[in-house]
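Q: Can you keep this structure in mind? I'll have questions shortly.
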Ligand SMILES: OC[C@H]1O[C@H](O)[C@H](O)[C@@H]1O
């Protein structure tokens with residue numbers, strides 16, 4: 001794994017939120033009432049998680065998102081600044097509250113309900129305002145917690161300037177061919193593949209989008225097709241896994257950093273898995289994200 005001395009520049013377009021996590025003995029079944037063992041709040045949102053993930057790994061990161069003009073929005077802004085993420089393009093709105101995610105967590109597994117709120121007000125105008133920065137960065141990262149219109153607009157702008165784009169296809173939705181053609185890598189969950197790609201079988205999807213689609217499951221394994229054979233890598237440590245939330249964002253962050261440093265696809269996947277494993281050892285989507293010093297010291 002090679003980390004060149006050139007600092008990668010990344011724009012992350014996406015959501016930010018406060019995650020309210022209720023820990024329970026078991027995830028409640030429909031119509032159940034269960035008691036929480038404890039409750040806590042963490043910084044989250046797939047966009048902000050990836051902004052923090054890539055910044056901790058040494059990138060210069062611009063986050064483009066939208067928060068409410070409320071105390072939670074201020075906390076998110078302060079956290080991003082503390083994490084060395086540039087917030088010059090984060091919009092603040094008085095029309096919606098800051099996004100939140102309600103999480104029930106048991107045995108490390110999480111059931112998440114996202115309230116997009118201010119995140120859904122992120123518009124193509126906000127992306128346009130950052131136009132000149134798109135020309136200067138190495139990679140743009142997007143996920144699906146902001147409007148599809150914004151995601152598509154971002155990808156088109158990135159391509160206009162010949163920039164690389166990575167997409168974490170979560171929460172899952174059907175992606176159109178234009179998106180799939182124009183992104184350089186897509187991270188998707190195994191259990192949601194049929195939603196993102198329609199009816200196609202996993203093998204078919206991976207072969208069609210070889211070296212482009214990376215499918216993960218919650219045992220922290222990643223599978224892809226390299227043009228010749230299926231490749232499968234797994235980093236797992238049952239004893240240390242306390243929290244599976246945020247593993248996809250962490251994988252995407254690690255993959256993105258390795259990609260910006262021009263490593264092979266295999267190295268990108270291995271590093272993504274490693275970063276994802278780290279985040280699973282602490283509660284919260286951002287807490288356990290590793291720093292570049294963990295790898296270069
Ligand atoms: O990917 C994990 C994230 O999904 C949800 O958006 C939560 O905010 C959580 O931080």
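Readers should treat all values here as calculations from the given coordinates under stated rules, not as data from a laboratory. These numbers were taken from a predicted model, which means no experiment stands behind them. Heads up, the Cβs are rebuilt from the backbone with ideal geometry, glycines too, and the neighbour counts pull from every protein chain shown.
Q: So for 226, 70, 249, fewest C-beta neighbours within 10 Å to most, what's the order?
A: On the way: 226 14, 70 17, 249 32.
Ordered from fewest to most neighbouring Cβ atoms within 10 Å, 226, 70, 249 come out as 226, 70, 249.
Q: Which three semi-axes in whole Å describe the equivalent ellipsoid of region 241-296, each the square root of 5 times a Cα gyration tensor eigenvalue, listed largest first? Write down the numbers at each step before the final one.
A: Values: eigenvalues 77, 24, 13 Å².
Output for region 241-296: semi-axes of 20, 11, 8 Å.
Q: I need the per residue convex hull volume for region 82-141, using only the alpha carbons, in cubic angstrom as a whole number.
A: Details: hull volume 8.8 nm³, N = 60.
Spelled out: Cα convex hull of region 82-141, divided by residues, is 147 Å³.
Q: Rank these for me by crowding, 27, 80, 167, going from fewest to most other beta carbons within 10 Å.
A: 27, 80, 167
Q: Counting only Cα, what are the radius of gyration and maximum Cα-Cα distance Dmax of region 115-199, in Å?
A: That works out to 12.9, 39 Å for Rg and Dmax.
Q: When 3, 43 are ordered from fewest to most other Cβ atoms inside 10 Å of their Cβ, what list results? Spell out each step's value before the answer.
A: On the way: 3 17, 43 23.
In increasing order of surrounding Cβ atoms, one gets 3, 43.
Q: Next question. How many percent of all Cα-Cα pairs in region 10-135 sit more than 19 Å apart? Can you show the working numbers first?
A: Working: 3962 of 7875 pairs.
Tail fraction, whole percent: 50.
Q: Can you give the convex hull volume per residue for the Cα atoms of region 46-89, as a whole number of Å³?
A: Details: hull volume 2.6 nm³, N = 44.
Hull volume normalised by residue count: 59 Å³.
Q: Still on this structure, I have one more. Rg and Dmax of region 160-220, Cα atoms, in Å?
A: For region 160-220, the Cα-based Rg and Dmax read 11.3, 37 Å.
Q: Using only Cα atoms, what is the ratio of the radius of gyration of region 175-285 to 2.2 N^0.38 Å?
A: Numbers: Rg = 13.6 Å, N = 111, 2.2 N^0.38 = 13.2 Å.
Rounded to two decimals, the normalised Rg is 1.04.
Q: With both bridge residues required to lie in the chain, what share of the DSSP beta bridges run antiparallel, to the nearest 5%?
A: 40
Q: So, one more: If each DSSP helix of 4+ residues adds -39,500 (n - 2.57) and the sum is divided by the residues in the chain, what number results at 222 nm, nearest 500 deg cm²/dmol?
A: About -9000 deg cm²/dmol.
Q: May I have the pair-distance distribution P(r) for the chain, computed from all Cα-Cα distances with 5 Å bins from 0 and rounded to whole percent?
A: 1, 6, 13, 17, 20, 18, 14, 8, 3, 1, 0
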